[in-house]
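Since the structure comes first, as structure tokens, the remarks are kept for the end.
Computed from the coordinates by the stated procedures, all read-outs in this text should not be read as laboratory data. Predicted model only: the values in this text are computed from it and were never measured. Virtual Cβ from ideal backbone geometry, glycine too; neighbours counted across all protein chains shown.
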Amino acid sequence: MIVLPQINPEAFRIGPIAVYWYGLMYGVGFAAALVLGNVRLRRNGMLLRSDRFRDLMFFTMVGLIVGARLGYMLFYTNFSFFKHPWEIIEVWKGGMSFHGGLIGVAIAILIFSRRHDLHLLDVADFVAPLAPPGLLAGRTGNFINSELWGRPSDLPWAMVFPDPAAGYLPRHPSPLYEALLEGVVLFGVLWLFSEKSRPRGAVAGLFLLLYGTFRFLVEFTRQPDAQMGFIFFNWVTMGQMLSLPMAAAGAWFLICSKGFEKKGEKRGCFFG
């Protein structure tokens, strides 16, 4: 059993302005995406120019932040914001949803691809390998904040989180599980997979399939959100409900892309 120390959620202050670890992790994620994106540009310069890549990063950054916040309000607050709409902008109180962020990024990619006359799935395939380092940073931020802790456990690596709501019980370090699977493993698989030319939609499909599967499995060790609890049968969580269709969509994209590859066609499942 490991007892975690209480870590100040503030990384540092500049006068009256506090910079929080979790917000800092968003910056780390975007910086990593910029660096890795430029590496991919050198390998696939036919898709994007450097100036368009900067536009793409701006679109996805806005889509991610807005989508993550709105997704959290829709999926995890029991629609309390209908009574208190100002809660939507109270981001300093926490509350960002990956699945909402994914929807926001998808909308941003759609707008960007239409604006620049690019195929939606080509852009999605380009962006997908850039996301896992940001997921790794985000889950590290969750761990530093002692949030999203797991269910009680007697495993040797179980940890006691300093949050009183965790009951000072040894629990699964679920943010670290997600950091490892969604950040390290997912990045390694996607980066190697995208090294070779793939059918349209295959890289994005693999991202959806693997993230959805990893998240679904880790949710079995993660304590459900207190305001939500379990959704079905006393074991299905909201995270699992949202991850299942994501994984299914990824599998469908992979199957379709493989089928079109065999026919010698470069098409997408729903975006031919």
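Close amide-amide hydrogen proximity is noted between Arg222 and Arg151, each under 5 Å apart and 5 or more residues distant or on a separate chain (H modeled in the peptide plane; Pro and chain starts excluded). Subtracting the Cα-Cα distance of Gln227 and Leu244 from 0.36 nm times their residue separation leaves 4.0 nm of extension gain.
Neighbouring Cβ atoms within 10 Å as the yardstick, rank Leu192, Leu64, Leu118 fewest first. Intermediate values should be presented prior to the final figure.
Working: Leu192 10, Leu64 25, Leu118 17.
Ranked by crowding around the Cβ, least crowded first: Leu192, Leu118, Leu64.
With neighbour counts taken as other beta-carbon atoms within 10 Å, the residues Leu180, Leu48, Leu208 rank, fewest first, as Leu180, Leu48, Leu208. Summarising the overall dimensions of the range 103-158 from its C-alpha atoms, the Rg and Dmax are 17.6, 55 angstrom.
Extent of the range 2-260 along its three principal axes (Cα atoms, max minus min coordinate, largest first): 54, 47, 39 Å.
Taking Cα atoms only, the orientation of helix 202-218 departs from the longest principal axis of the chain by about 20 degrees. Under a 5 Å amide H cut-off, with hydrogens placed 1.01 Å from N, Tyr20 pairs with Ala11 among residues at least 5 apart or on other chains.
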